Amino acid sequence: MGQLAPQERAHVGKLLNAVKTELEAALHARKARFDEQALAARLDAEWVDLTLPAPGQPTGSLHPITQIQTEIEDLFISMGFAVLGGPEVETEYNNFDALNIPADHPARDMQDTFWLADHNLLRTHTSPVQVRGMQRFGPPLRMIAPGRVFRNEAVDASHEHTFYQVEGMIVDRVVSVAHLIYFMKTMLSHIMGRDVTVRLRPGFFPFVEPGFELDIQCFICGGAGCPVCKQSGWVEQLGCGLVHPNVLRMSGIDPEEWNGFAFGLGLTRLAMMRYSIDDIRLLQSGDLRFLNQF
Ligand code: PHE
């Protein structure tokens with residue numbers, strides 16, 4: 001502009017302004033067309049069929065241990081048992097003393113215990129619920145008590161510090177080992193969905209006399225021997241026996257008049273058997289890829 005003659009400046013300035021306006025208008029128009037096209041393409045790609053049913057919430061599923069626990073509860077309820085619960089933080093008395101395991105008894109070493117303050121502990125088994133049941137209801141008594149228990153274990157594929165058991169107890173006038181075997185076979189066959197073969201071995205638990213370990217024939221190999229049963233053909237399933245007179249007496253029941261049986265079943269191990277789970281740590285991993293299978 002500086003080099004133009006003064007009389008030409010107005011004319012050229014006007015012309016340049018007109019060109020600028022025209023170019024801007026063209027630019028805006030083209031931009032608007034691109035925007036329209038982009039919107040049209042998006043609407044085309046992202047359309048929604050509102051007539052389709054909504055996908056809904058994904059449904060969860062019960063944990064495998066909860067499933068087995070519920071089945072056992074239903075079975076025992078149908079046979080006239082009460083389902084009792086007890087606290088996970090127990091007294092030393094209920095967990096040990098009242099079960100005929102005094103403070104200086106070596107049997108305490110069988111259960112590596114998480115001790116808390118004031119003679120409390122994380123219960124090492126569900127057996128203290130026997131004590132609570134006897135004290136609360138007295139005889140005759142038919143109860144089971146499923147629940148979580150704790151031991152100070154070094155964790156590996158077959159050991160957890162936290163696992164599940166089901167306790168069971170009958171106190172009545174005449175209770176024999178035959179009754180015990182009947183209930184154990186009924187329970188295990190029900191859970192496994194087929195007849196199971198069981199065997200009893202002598203087992204020591206201070207709160208029963210006689211005491212047994214009950215095994216079931218391995219049904220991975222049918223008793224021939226395999227890695228799951230460590231080539232023995234049998235898998236240890238539970239501890240049981242006839243209730244020790246001291247245990248009845250300590251909970252105010254006269255052993256001259258009443259007797260009973262008790263058992264403690266490892267629910268965690270049972271779930272692993274039933275679903276062929278080879279690592280106990282999976283059960284509490286919270287891993288949905290594992291849990292979604294059940
Ligand atoms: N409480 C025992 C344990 O955890 C199992 C058991 C229960 C044994 C009842 C006998 C009777 O090892």
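The values are calculated or read from the model by the stated rules, or taken from the named source; none is laboratory data. Predicted, not measured: the structure shown is a model, and the values here were computed from it. Glycine also receives a Cβ, built like all others from the backbone with ideal geometry; neighbour counts cover every protein chain displayed. Side chains are part of the model used for accessible areas, which takes the heavy atoms of the whole protein and leaves out ligands, DNA and RNA. Shrake-Rupley method; radii C 1.70, N 1.55, O 1.52, S 1.80 Å.
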For the chain, the charge dipole (Cβ of Lys, Arg +1; Cβ of Asp, Glu -1; about the Cα centre) points to a positive end, and the Cα of I144, P106, L180 closest to that extreme belongs to I144
Would you work out which of V196, G239, M272 lies farthest towards the positive end of the dipole of segment 131-288, given +1 charges on the beta-carbon of Lys and Arg and -1 on that of Asp and Glu, about the Cα centre? V196
How large is Rg over Rh for segment 140-262, taking Rg from the Cα atoms and Rh as the Kirkwood inverse mean of 1/r across Cα pairs? 1.01
Given charges at beta-carbon only (K, R positive; D, E negative), |dipole| of segment 6-122 in Debye: 1740 debye
Cβ charges +1 (Lys, Arg) and -1 (Asp, Glu), total dipole of segment 31-82, debye: 280 debye
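Which loop-located GluC sites (Glu not before Pro) does segment 31-87 contain, where loop means any DSSP state but H, G, I, E or B and the Cβ has at most 16 other Cβ atoms within 10 Å?
Filter output for segment 31-87: E46.
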Residue-normalised accessible area of the chain, given per residue in Å² at a 1.4 Å probe: 58 Å²
In debye, nearest 20, what is the charge dipole magnitude of the chain about its Cα centre with +1 on Lys and Arg Cβ and -1 on Asp and Glu Cβ, if you could check? 860 debye
Dipole check, segment 1-56, charges on Cβ (K,R +1; D,E -1), about Cα centroid: among A45, H28, H11 the Cα furthest to the positive pole belongs to H11
Would you please give the residues with an amide H less than 5 Å from that of L238, counting only those at least 5 places away or on a separate chain, with H modeled from the backbone geometry? L214
Output needed: Cys residues of the chain lacking any neighbouring Cys C-beta below 4.7 Å, sorted by number. C240
In segment 134-166, whose amide N lies under 20 Å from the spot 7 Å out along Cα-to-Cβ of D109? List them in ranges. 151-154
Calc'd 3J(HN,Hα), segment 18-31, phi into Karplus 6.51 cos²θ - 1.76 cosθ + 1.60 (θ = phi - 60°), Hz, glycine/Pro = x, comes to 5, 5, 4, 4, 5, 5, 5, 4, 5, 4, 4, 4, 5, 4
Check the straight Cα-Cα distances from K185 and name the aspartates and glutamates below 13 Å, setting aside those fewer than 8 residues away within the same chain. D195, D215
Taking the Cβ-Cβ separation of V19 and A45 as r and a Förster radius of 22 Å, what is the calculated FRET efficiency to the nearest 0.05? 0.05
If the cut-off is 20 Å between C-alpha atoms, which aspartates and glutamates fall inside it for K20, apart from same-chain ones fewer than 8 positions away? E8
Simple spin-label estimate for V155/S176, 7 Å along Cα→Cβ, in nm, reads 4.7 nm
Please identify the chymotrypsin sites (Phe, Trp or Tyr not before Pro) of segment 19-102 that satisfy two criteria: DSSP loop assignment and at most 11 other Cβ atoms within 10 Å. Which are they? W47
